[in-house]
Amino acid sequence: SGAGASSGAGASTARRATTTVERMSDPPSQVPVHKRCDVFDVPGRGPLCGPALLLPAFGKCGTNAVKDYSELHPNIRWPQRAETLFDPDVISPVAFVAANNPGVIPSDSLVWMAKAPVLGDFAGGRESSEALAARLLRAYPSAAVLLVFCDPELQPFRWYRHYVTRSVSWDAHVLPESATCPGWGQRSVYGDAPLSSIAAESERLGGPNTVLGLYAALMPVDNDCRLAASMRPVADGLCRTFRNGGGSFYRRGDKNVLCKRIRRVAVSMDDYADAYASAGYRVASSLDAVYMEDWEARGKDQMLRVLRLAGVDESQFPWERTNGFAPVYAVHQGEKDDPSAALLSEMLNLSNVPRSIYLSHEAQRVCCSLGRTFGRYPTWPSCASPELACHPAGAPPPLAPPLSPPGGPPMAPPMTPPRLSPWGVSRAQALALEAGAAFGSGILLCTCSCLLVCWLMRAMRPRRPLSKFDTCAATHEQEIEAAPEVRLRPAGGCHGGTDVEGKTASRVASGERAAILELAPTTTWPLCVCPGAQRCADGDEMPPCALRADVISHL
């Protein structure tokens, strides 16, 4: 549908057209220095510029706001159709330019943009997103890419609100209960169904009596989109009564189809952004992002990013006509006494939307990832304190430098954000941390080495062997160092006894100042002879045991 009639004949010959009609190589003087323009030779129209800025973004995330604000610039043009599908696998670049170029030629000062939210909504995973980004880069090498993101926590609700307020219509006839729900369907000629009729039918079927309550029941994101058993007949009844282009009431098995699709899209925004960076687009030079929720608070900053990415003179932008970057999305609310007006008013207040624990967690993760990629964090409730939740690398990178006036020197290349490590710190900070860790490791190694040297010196010190004048006893203040086989050291206690076995750590009775005799575990014969007839009490002193003569001779 994005290709229009001009691609009808070219749909089947899209790839052939890409190979038979080549991009022109024009003299440098024909295209202004700062202009993004891939020149295509379109039969019957001559050389035309390809788009300067592509928006393969996400639906319900503010692509209309980018269009409405940017077309205020006198040098920016948009195609007549609001959304144009520019995937080269669907329509050849030449056919796309022929069908959608709004009169921009290489020699003028104009540029044009195109948006296709469906490309983000149906990206299909990281691998297919990278493939799409690579196709766009090959087909339109001069064009930049602007990605538009919104709070993943609210995106499923925005889609549901869009469908129930704009695409629900009465069916030609109510299908019998035995009939299968048709699922998706175009708006019927019988007119749009008001919100009050949807709520009334839901209540009649045993469901919620408000459209907002119906959202919580039909879109159970935290339950992996599985409908409760009581809601399945309600969803089937609504699906048989109304036509809905988005399939809000359609289920496959026990899961709501719309919920499954939007849930997957909402949590994969960061992967989609990384795919374009991996394909060869450079952040702040040929790739950037804006956040829908940031227009009122950071509208001028976001608009400058759009203008500089498109390559137009920002000084010509009429800032006074932006109305403070007020929200663009609006829905006709009808008369005050209309029953649907109150239901719609409830849905327009986003603070009434039931929150999802799963989406809140995923929104914080996506926020941190986008902040690391583009150098600034969105103002989503789930990411209110990114300095705590995401460990940012510091201040965001500066904006691209302003454009030179016509005929002036070439524009300096845009600055790119600092390269970040997987932990969210800059390369300089990572090097500092590595240096600190290396210094600490060196100190620890030196300390361990010194201790090891001291231990070895002590172990290798010559020992004085026992003589016949040494005894089994020793005081607490004095250590008798024995030969390698025998070592005496102090130990307290009054135990008395005779012919104590000389096992390792055996006590030798000698009154309060006894000694522990440590021998090799294999040595078990008696070592000491003590006056067994004498006893001692705590605090008493008695003569130490004498070392047996055969032990002395053995030593």
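Accessible-area rank, largest first, for 198, 443: 443, 198, with all protein chains present and a 1.4 angstrom probe. If you take the Cα centroid of segment 237-271 and the Cα centroid of segment 69-95, the two points sit 28 Å apart.
Ordered from largest to smallest accessible area (heavy atoms of protein chains, 1.4 Å probe), the residues 362, 203, 296 come out as 296, 203, 362. The largest accessible area among 108, 271, 121 belongs to the first residue in 271, 108, 121, and the rest follow in falling order (1.4 Å probe, all chains). By a 1.4 Å probe calculation restricted to protein chains, residue 154 has an accessible surface near 10 Å², given to the nearest 10. Distant-in-sequence amide contacts of residue 168, defined by a placed amide H-H separation under 5 Å and a gap of 5 or more residues or a different chain, comprise 193. In this structure residue 301 has an accessible area near 50 Å², from a 1.4 Å probe over the protein heavy atoms. Computed from the Cβ-Cβ distance with R0 of 30 Å, the FRET efficiency linking residue 365 to residue 301 stands at 0.80. A 1.4 Å probe, protein heavy atoms only, puts the accessible area of residue 292 near 50 Å². Think of a 1.4 Å ball rolled over the protein heavy atoms: segment 207-304 then has 33 Å² of accessible area per residue.
Phi angles across segment 59-64 convert, under the Karplus curve 6.51 cos²θ - 1.76 cosθ + 1.60 with θ = phi - 60°, into 3J(HN,Hα) values of x, 6, 10, x, 5, 5 Hz, Gly and Pro given as x.
The values are calculated or read from the model by the stated rules, or taken from the named source; none is laboratory data. The shown structure was predicted, so the numbers you read here are calculated from the model rather than taken from an experiment. In this analysis, Cβ positions are derived from the backbone assuming ideal geometry, glycine residues included, and neighbour counts consider all displayed protein chains. SASA here: full protein model, heavy atoms, side chains in, ligands and nucleic acids out. Shrake-Rupley method; radii C 1.70, N 1.55, O 1.52, S 1.80 Å.
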